[in-house]
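All of the numbers you see were taken from the coordinates with simple rules; none came from a lab. If you're wondering where the values come from, they're calculated on a predicted model, not measured in any experiment. Positions of Cβ are generated from backbone atoms using ideal geometry, with glycine treated the same way; all protein chains shown enter the neighbour counts.
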Amino acid sequence: MIFIETFYLIDYENVHGDGLSGCQDLGKNDYIVIFFTPNAKNIDMSDISDHGAAKLEMIKVPAGKQSADMHIGSYLGYLAGKNGKNCKVVIVSKDTDFDNVIKFWNQTTGITATRAEQIKKKNTKKTEPQKQQSQSTNKTTVKVSGTKKAKLNKEVLQILRDDGYDADTSNTIAQIVSSYYGSEQMLSEIHNELMDRYTDYLAVYATIRPVLSKYVDVKQSQNNNSTVSSQEKMATNNEIQKELSKAGFSNDIIQFVASTVVKNLTDKNGKQQTYRDIISKYGQNKGLNIYNHIKKHI
């Protein structure tokens with residue numbers, strides 16, 4: 001199991017100290033890289049005196065128009081080439097000109113890059129998910145049975161061990177699941193927690209989803225589908241494009257297949273529909289070859 005490293009590239013002249021909001025909640029797999037020029041106003045050290053367990057680096061770049069932007073964009077490309085999908089990158093800036101660069105590297109390498117105006121780590125105390133749920137005041141929950149919760153935990157552990165996950169990883173994931181059991185947004189919260197922790201979170205989520213579905217009522221499932229799908233769509237799209245590109249398929253095929261998978265992602269029979277759409281478009285032999293490359297991602 002590979003843990004994701006997250007790099008926060010700070011456009012300091014653009015966001016100043018406000019962009020570092022939330023850095024105190026970062027963990028040991030997080031990195032803060034502050035880009036600044038000689039023209040930047042003095043950096044207030046109190047903004048970064050507490051940056052959690054994250055590693056901190058300061059990079060001084062030459063003064064000049066778009067100088068920091070060009071250095072940040074090139075550093076994003078460096079991280080994409082070095083780590084690919086094994087890391088996440090957040091460019092902390094209000095400058096929307098970064099968005100096209102981010103889109104390019106996401107589609108080209110499968111890296112997960114985004115832009116935000118502040119760090120604002122979403123989930124704190126990541127090593128204590130059970131306490132996080134009980135202490136949260138903003139989470140809507142329903143009353144759950146202790147017996148059912150224990151049964152859910154046991155079933156998650158069993159399905160993970162059957163799928164080849166080691167004991168420590170299985171226990172951690174089961175703990176995450178248990179911490180969100182009863183939440184109104186149970187599926188999306190589990191999905192997002194896994195996405196923050198693991199590079200192969202889609203495979204993990206796909207493994208445990210059949211168990212989770214038995215513990216979420218119809219109303220909750222409907223409420224969660226739209227939230228979960230918005231997260232899964234972007235990640236799955238990147239995975240499909242990268243897989244087909246690596247296999248040497250044309251851009252037309254890559255775009256059609258990726259969009260077809262995303263379109264059917266939240267449907268009950270989405271996998272079967274995707275198979276039928278690909279076979280219909282490219283014929284049995286070619287279509288089956290394409291489908292065999294992507295089926296593990298849907």
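Structure data summary
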{"read-out": "Filter on LYS233/LYS296; LYS55/LYS296; LYS28/LYS85; LYS151/LYS233 - keep pairs with C-alpha separation over 25 Å", "value": "LYS55/LYS296; LYS151/LYS233"}
{"read-out": "Virtual spin-label span in nm between LYS214 and LYS103, 7 Å along Cα→Cβ", "value": "4.4 nm"}
{"read-out": "Cα→Cβ-extended label distance, 7 Å offset, between GLU57 and GLU184, nm", "value": "4.3 nm"}
{"read-out": "Sequence of ASP196, ASP168 once ranked by neighbouring C-beta atoms within 10 Å, starting from the fewest", "value": "ASP168, ASP196"}
{"read-out": "Relative contact order %, segment 5-116, counting alpha carbon pairs below 8 Å whose residues are six or more apart", "value": "30 percent"}
{"read-out": "Full-stretch length increase - ASP252, LYS94 - with 0.36 nm per residue and alpha-carbon distance subtracted", "value": "53.5 nm"}
{"read-out": "Order of ASP162, ASP267 - criterion: other Cβ atoms within 10 Å of each residue's Cβ, fewest first", "value": "ASP162, ASP267"}
{"read-out": "Sorted by Cβ neighbour density within 10 Å, fewest at the top, the residues SER74, SER67", "value": "SER74, SER67"}
{"read-out": "Globularity ratio of segment 32-112, using Cα Rg and 2.2 N^0.38 Å", "value": "1.17"}
{"read-out": "Förster radius 41 Å - calculated FRET efficiency between MET45 and LEU288, Cβ distance, rounded to 0.05", "value": "0.10"}
{"read-out": "Cα-projected label distance for THR147 with ARG276, points at 7 Å along beta-carbon direction, nm", "value": "4.2 nm"}
